[in-house]
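These notes concern the structure reproduced below.
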Amino acid sequence: MQQEKIPTIIIVGAGLGGLSLYHALIKNKDKKEFNVKIFERESCPTDRWQGYHIGLSNYGAQSLLNCIPSSIALNLPKAMPNSIPDIEIHGITITDQIGNVLLTPPTKPFKDVYELAKISRGLSSMITYRDRLRDVLLEDVPVQWNKKCIKYVEIQGGVWVFFEDGSQEYCNILVGADGINSPIRKQKLPELQIFDYGITHVGADVSVPKLLMDKINKIHGNILACKTLGTKGDSTFMMTRLIPIKQEQNDEKNEPHYRATLVYSYPSEFDNIDVESDKVKVDDNDPASVIEHVKRLIRTLRPDCELTDLLLELWDLAPKTIPNDPIKFPFKTYNPVQRRMMRDIDPMSIKSWTSSRVVLLGDAAHAMSPILGLGANNAIQDADKLSQALLKYTDNTISFIGEYEKEMLKRTSADVLRSRTVTFKISMPVGPFGVFIRDNILKFMNVMINIYSFADNLIFKN
């Protein structure tokens, strides 16, 4: 009797989604065995900056734990330290331009990622270090680095994958997990369009001294994700963990510091306000000039108040060069502070998908605004759903891919459009009357959400 040949799956992209899928397929090999290969265009794990803090939701946590083996799960506290009771509140607060709290949705306390994953109603999240989560997921994964996919050719029963270095690989199923600029998506679905918001955002990881963090917490409380709304279409966002990080050995004050993510968003038209001045040059290859640009916008668009002063202090902590000394600086890698355009992949730009042996996952399929923190969670959910669908694989049918795509598109299209709607709503310039209306709507929503949560807890006690 001839032994059945083990099918090959190639994953292009070693981000959170691609790595989660790799682990899930290996974890389920007793149910269905695959020869799994994973390729990444970066030259090494530290070749590119790996992102800010993210909020891992209860649904994302459920899918992550479904995907990874227990040996990897044991290392998750490196990326998502257990919650600190009475110190950290894993939620979000929204304030107006001077720091008055407008909206603080209630959150359910949880002690670790396992307890988070058990929350079945509502939406809770745990602030997670994205770069460290990727490091954890990279453990024991034989990624083939410096392999940029440039095209593929489908043949009967399989796919040939071609790389920039001239090499090629054959597989039965090709998974494109290679981000918003995915060459695989562009070939598979050239009609699928990228939607430009006309909004610029600038992000930075910073090290915040305790004295400054204490001032910020007086305004926001100990809530780990804080958003402030301006009146000119601008907004700021800060996400942190209240866990001290190691500082330089020559820090004279020996003051505790905290790792934080800053994001400043504003209408892209403001990128032109400095162009007329010969004294002002904003160069995205010069982080110092971008930071000064952000500070000028904050001073111009925000009122004189304590919150504005704190924001300027925070942005002054952003690295003004590209540091690469792992001992002197508290993070392994830095992203040069650059202006970036806010974009998503428009699910309405195509009527239907044609299922084939080429399948998409994560940002390659449904990049979305980061405003609601749904991107990484959806990528991990994709990996979970696709790994389960692949258990149905046979040489004679790929109908399971259509089933995966149908579920994925329904789930993620709604999130893409919802994130876009919220982004536009908070990015509209408003006058004094508009501010009054906006703030009171958010305050009313805050009351209603808290009433609903209270009633829900009475009815559905966990």
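Throughout, read-outs are computed from the coordinates displayed, never taken from laboratory work. What you see is a predicted model; the values in this text were computed from it and never measured. Ideal geometry is used to build each Cβ from the backbone, glycine not excepted, and the neighbour counts take in all protein chains shown.
Applying a 10 Å radius around every beta-carbon, put 373-379, 397-403 in order of their mean neighbour count, most first.
On the way: 373-379: 25.4, 397-403: 15.6.
Listed from highest to lowest mean packing, they are 373-379, 397-403.
Regarding the range 139-273, what is the average projected area of its C-alpha convex hull, in nm²?
Details: hull surface 59.0 nm².
Orientation-averaged projected area of the Cα hull: 14.8 nm².
Go ahead and collect, in residue order, the members of the range 366-386 whose backbone nitrogen is under 14 Å from a label point 7 Å along the Cα-Cβ direction of Lys27.
380-386
If the viscosity is 1.002 mPa s and the temperature 20 °C, what translational diffusion coefficient in µm²/s does Stokes-Einstein give for the range 163-212 when Rh comes from Kirkwood over Cα pairs? Mind dumping the intermediate values first?
On the way: Rh = 15.5 Å.
Translational diffusion coefficient: 138 µm²/s.
Which log10 I(q)/I(0) values does the range 1-152 give at q = 0.10 Å⁻¹ under the Debye formula, counting every alpha carbon as one identical point scatterer?
At q = 0.10 Å⁻¹ the computed log10 ratios are -0.46.
What size of dipole, in debye to the nearest 20, comes out for the chain about its Cα centre when the only charges are +1 on Lys and Arg C-beta atoms and -1 on Asp and Glu C-beta atoms? Provide the component values of the computation, followed by the final result.
Values: 56 positive and 56 negative charges, 222 e Å.
The dipole magnitude comes to about 1060 debye.
In nm, give the distance between the simple-model label positions of Glu255 and Asp271, each being 7 Å from the Cα along the Cα-to-Cβ direction.
So the label points at Glu255 and Asp271 sit 3.5 nm apart.
Kindly list the residues of the range 56-79 that lie in the label zone of Arg121, defined by a backbone N under 20 Å from the point 7 Å along the Cα-to-C-beta vector.
Within reach of a label on Arg121: 57-62.
Which distance in nm do the two modelled labels at Phe436 and Tyr114 give, with both placed 7 Å along the Cα-to-Cβ direction?
Taking the two extended label points, one gets 5.4 nm.
Which ³J(HN,Hα) values, rounded to whole Hz and listed in residue order, are derived for the range 195-201 from phi using the Karplus coefficients 6.51, -1.76 and 1.60 in 6.51 cos²θ - 1.76 cosθ + 1.60 with θ = phi - 60°, glycine and proline given as x?
Using θ = phi - 60°, the values come out as 9, 9, 7, x, 10, 9, 9 Hz.
Rank these for me by crowding, Thr228, Thr8, Thr354, going from fewest to most other beta carbons within 10 Å. All intermediate terms of the calculation are to be shown ahead of the outcome.
Working: Thr228 25, Thr8 17, Thr354 9.
The fewest-first ordering by Cβ neighbours comes to Thr354, Thr8, Thr228.
Could you bin all the Cα-Cα distances of the range 346-460 into 10 Å bins starting at 0 and give me the percent of pairs in each, rounded to whole numbers?
Reading the bins upward from 0: 12, 29, 26, 20, 10, 3, 0.
Highest mean first, how do 143-151, 200-208 rank when packing is the count of other Cβ atoms within 10 Å averaged over residues?
Working: 143-151: 16.1, 200-208: 21.3.
Descending mean neighbour count gives 200-208, 143-151.
So how much slack lies between Ala414 and Asp395, counting 0.36 nm per residue of separation and subtracting their Cα-Cα distance, in nm? Display every interim value, and only then the final one.
Working: separation 19, 0.36 × 19 = 6.84 nm, distance 3.29 nm.
Value of the extension gain: 3.6 nm.
Suppose we keep just the alpha-carbon trace of the range 379-429; what are its Rg and Dmax in angstrom?
For the range 379-429, the Cα radius of gyration and maximum Cα-Cα distance read 15.7, 56 Å.
Set the Förster radius R0 to 41 Å, insert the Cβ-Cβ distance between Asp165 and Ile243 as r into 1/(1 + (r/R0)^6), and round the FRET efficiency to 0.05. Please list the in-between numbers first.
Numbers: r = 41 Å, r/R0 = 1.00.
For Asp165 and Ile243, the calculated efficiency is 0.50.
Return the distance in nm (one decimal) between the two label points of a simple spin-label model at Ser349 and Ile155, each offset 7 Å from Cα along Cα→Cβ.
With each label point 7 Å from Cα toward Cβ, the separation is 3.2 nm.
Rg (Å, one decimal) plus Dmax (Å, integer) for the alpha carbons of the chain?
22.9, 81
Between the DSSP loop rule and a limit of at most 14 other Cβ atoms within 10 Å, which trypsin sites (Lys or Arg not before Pro) in the range 15-76 are left? It would help to have the intermediate numbers written out before the result.
Numbers: sites: Lys27, Lys29, Lys31, Lys32, Lys37, Arg41, Arg48; in loops: Lys29, Lys31, Lys32, Arg41, Arg48.
Those that pass, being in a loop and sparsely packed, are Lys29, Lys31, Arg48.
Given only helices, namely DSSP H runs of n ≥ 4 each adding -39500 (n - 2.57), what is the per-residue ellipticity at 222 nm of the chain, to the nearest 500 deg cm²/dmol? Write down the numbers at each step before the final one.
On the way: 13 runs with 158 residues, N = 462.
Calculated mean residue ellipticity at 222 nm is -10500 deg cm²/dmol.
What is the angle, in °, between the Cα long axis of helix 432-459 and the longest principal axis of the Cα atoms in the chain? Nearest 10 is fine, range 0 to 90.
In the chain, helix 432-459 runs at an angle near 60 degrees to the longest axis.
Rounded to whole Hz and in sequence order, give me ³J(HN,Hα) for the range 423-431 from the Karplus expression 6.51 cos²θ - 1.76 cosθ + 1.60, θ = phi - 60°, writing x for Gly and Pro.
4, 5, 5, 8, 9, 7, x, 9, x
Order 359-369, 300-310 from most to least packed using the mean count of other Cβ atoms within 10 Å. Kindly include the intermediate steps, with their values, before the conclusion.
On the way: 359-369: 27.9, 300-310: 15.4.
Highest to lowest by the protection proxy: 359-369, 300-310.
Report ³J(HN,Hα) in whole Hz for each residue of the range 239-244, in order, from the Karplus equation J = 6.51 cos²θ - 1.76 cosθ + 1.60 where θ = phi - 60°; Gly and Pro get x.
10, 8, 10, 8, 10, x
For the pair Ser356 and Leu138, what calculated FRET efficiency results from E = 1/(1 + (r/R0)^6), where r is the Cβ-Cβ distance and R0 = 25 Å, to the nearest 0.05?
Details: r = 29 Å, r/R0 = 1.16.
Efficiency computed from Cβ-Cβ geometry: 0.30.
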